[in-house]
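The structure appears right after this line, and notes come after that.
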Amino acid sequence: RNSALFPTEGRFYRANAEISALGDLQFARVNLQAQQYLPLPYNLTLGLNGEIGWGVGQGSRPYPVFKNFYGGGLGSVRVFEQNSLGVIDPTGAYIGGARKINLNSELYFPVPGTGNDKSLRIFAFADAGNVWREDEKMDVNTLRASAGLGLSWVSPVGPLKLSYGTPLRAFKGDKIQRFQFQVGTAF
């Protein structure tokens, strides 16, 4: 990327893997992420992000719940309450899941009057994703989706992101939070 804080072109890849084969915790976990930034005419930038996570228990042991992936909220599927996608335990708590998919797109617009300053940008977004249990099929028919507008500012305390949107695909019982605020990440 041409900038870690406000990229306008380039790509970013990340791969994380964990394996535990000793004692009671026997599992494998991988998380893959790819981002692409494309410069467009009129000082616009298109940002694309894709992330997939996969966890599995090993040696007839279940996948440990404290290693679950979470979905919903900024950094995942905006408009859905933070960490509210996926498995709900008998107490009603959201506990994530062993598998996840996040797909995000953002179209960045310069703020009028700021010239080439990229530290303050308006964006339109579209997100899709979900979280599943270890024994559950990752079905695209269960993906949640949302779209909306936001403001991104690289402030003196770090990157700040405000977004407001609407669910495009939600299911009964989903927790909706149209306005969201986050400190610290580009996507």
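Observations, loosely collected:
- Candidate set from region 139-159 (those that are open to solvent by 100 Å² or more (accessible area, probe 1.4 Å) and touching a residue at least 24 places away in the same chain (Cβ under 8 Å)); member that is farthest from residue 102 (Cα to Cα): 157
- Scope region 57-82; condition hydrophobic (A, V, I, L, M, F, W, C) and either outside any loop (DSSP other than H, G, I, E, B) or at pLDDT 90 or above (or both); matching residues: 65, 66, 69, 77, 79, 80
- Condition broken by residue 31, with the remaining ones in (1) in contact with a strand residue (DSSP E or B) (Cβ under 9 Å, 6 or more places away or on another chain); (2) without any contact (Cβ under 8 Å) to a residue 40 or more places away in the chain; (3) loosely packed, with under 15 Cβ neighbours inside 10 Å satisfied: (3)
- Residue match in region 111-123 (condition: within 14 Å of the chain's Cα centre (by Cα) and either farther than 30 Å from residue 6 by Cβ or surrounded by 13 or more Cβ atoms within 10 Å (Cβ to Cβ) (or both)): no
- Condition check for residue 57: farther than 26 Å from residue 166 by Cα and open to solvent by less than 20 Å² (accessible area, probe 1.4 Å): yes
The values are calculated or read from the model by the stated rules, or taken from the named source; none is laboratory data. Note that the structure is predicted; figures quoted are calculated from it, not measured. Counting neighbours? That spans all protein chains shown, and the Cβs are built from the backbone with ideal geometry, glycine included. Side chains are part of the model used for accessible areas, which takes the heavy atoms of the whole protein and leaves out ligands, DNA and RNA. Shrake-Rupley method; radii C 1.70, N 1.55, O 1.52, S 1.80 Å.
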